[in-house]
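Take this structure, written in structure tokens, and hold onto it; I'll ask about it next.
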Amino acid sequence: MLRLQNSSDIWEDLKRTKNLLAFSGGVDSSALFYMLLQKNIPFDIAIVNYNTRSGSKDEEEFARNLAHRHDKKAFVKSVKLDGANFEAAARETRYEFFHEIIKNEGYETLLSAHHLGDKLEWFFMRLVRGAGAAELSGFSQIEQRDGFVVARPLIWHTKDELLEFLTKNGYKYFIDESNFDEKFERNRFRKNFSEPLLREHKEGILRSFKALEKDKEILLPREYQKIGSLYIFERCENELRLIAKIAKFFKIVLSKYQQDEISAQQSCVVSGKIAVGKNDGFVFIAPYVQNVVMDREFKDTCRKAKIPRHIRAYMYEQKLDPKSLNKE
């Protein structure tokens, strides 16, 4: 698999990978769709219809027809979500769908239409929560995942630029009315802060984010050991961000509550799917395994090797030797 790098040549790099575009029919993903066509980059599309608006079916049909017209595969999932935290549920549903397609169809790159405005909104939402420099930088143009890459070719473009591109070329797109609903925190930051600031100070904001990207390379841990589905890395100041990155390999996007829980505990279970444990020197992340009866010798060896308690069942099931993980 080609390992893409952050680069102004990302478009050329994408010509050599098998790409799946996360598509909605809105301004951002429509602009990316047509840019990919113009640059002769191969791709197919995946769309999730949440059935939240009267026009949802029309948008799904538009996506199907658009893909057919340009000889692209269209993977479509139609869902109806319940519960208070719709955004979190929608995000989890969306990425589970994308992961499934990537795994089954052999895609190497997931294309996301995130742009500079999205990055600035993230900055503000993390800023008011007291985040550090690495987290304030937000998502990058290229992010390695477990078995594929997430690429964001539009990350240094503004929404106004994408709208101008679509209008100039007469390309059709849909407007999602929920993007204007200020009950959602992101929309409030967009309307009151990110959009006005980008119109006035785009170049300065762009330079600041590119500087933060360089700082993040220094601040963030990048190395981890992987044994089966067990991840291990050395403890560090910014370990929570690497935990969040690895959690995405398991299709989990950590909430603020989950991050706080991980920070406060030495060993815990997240979303009923993964176990996160820490000792004095290392962080361990593995699938959460229940109802495994471990023999006394194994448990005693884990205790001496300081293996976090929620990690032990996975290791026992996979016949991993605790002694081999004791690096102290």
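Name every residue in segment 308-328 that is modelled with pLDDT under 95, surrounded by 14 or more Cβ atoms within 10 Å (Cβ to Cβ) and part of a loop (DSSP other than H, G, I, E, B), in order of residue number.
318, 320, 326
Condition first: surrounded by fewer than 19 Cβ atoms within 10 Å (Cβ to Cβ), charged (D, E, K, R) and either more than 23 Å from residue 190 (Cα to Cα) or touching a residue at least 60 places away in the same chain (Cβ under 8 Å) (or both). Now tell me which residues in segment 131-171 satisfy that.
Within segment 131-171, 143, 145, 146, 168 meet the criteria.
Residue 229 is checked against (1) touching a residue at least 40 places away in the same chain (Cβ under 8 Å); (2) buried (at least 18 other Cβ atoms within 10 Å of the Cβ) and fails just one. What number does that condition carry?
So residue 229 meets the others, but not (2).
Helices (runs of 4 or more DSSP H) wholly in segment 163-256 with at least 1 residues that are within 21 Å of residue 119 (Cα to Cα) and among the acidic types (Asp, Glu) - which ones?
185-189, 195-219
With the structure loaded, tell me whether residue 139 is closer than 23 Å to residue 231 by Cβ and part of a loop (DSSP other than H, G, I, E, B) or whether it fails that test.
For residue 139, the condition - closer than 23 Å to residue 231 by Cβ and part of a loop (DSSP other than H, G, I, E, B) - is met.
Could you pull out every one of the helices (runs of 4 or more DSSP H) wholly within segment 1-112 that has 2 or more residues that are within 24 Å of residue 250 (Cα to Cα) and not basic (Lys, Arg)?
In segment 1-112, 86-105 are the helices (runs of 4 or more DSSP H) which contain 2 or more residues that are within 24 Å of residue 250 (Cα to Cα) and not basic (Lys, Arg).
Please determine whether any residue of segment 277-299 is assigned to a helix (DSSP H, G or I), hydrophobic (A, V, I, L, M, F, W, C) and more than 24 Å from the chain's Cα centre (by Cα). Working first, answer last.
Restricting attention to segment 277-299, the residues satisfying the condition of being assigned to a helix (DSSP H, G or I) are 296-299.
Those still in the list that are hydrophobic (A, V, I, L, M, F, W, C) too: 298.
From what is left, the residues that are more than 24 Å from the chain's Cα centre (by Cα) are 298.
Within segment 277-299 (the criterion being assigned to a helix (DSSP H, G or I), hydrophobic (A, V, I, L, M, F, W, C) and more than 24 Å from the chain's Cα centre (by Cα)), the answer is yes, since at least one residue qualifies.
Search segment 25-43 for residues being surrounded by 20 or more Cβ atoms within 10 Å (Cβ to Cβ) and not aliphatic (A, V, I, L, M), and hand back the single one that is modelled with the lowest pLDDT.
So, considering only residues that are surrounded by 20 or more Cβ atoms within 10 Å (Cβ to Cβ) and not aliphatic (A, V, I, L, M), the one modelled with the lowest pLDDT is 25.
The values are calculated or read from the model by the stated rules, or taken from the named source; none is laboratory data. The model shown is predicted, which means the values in this text are computed figures rather than measured ones. All Cβ positions, even for glycine, are placed from backbone atoms using ideal geometry, and neighbour counts span all protein chains on display.
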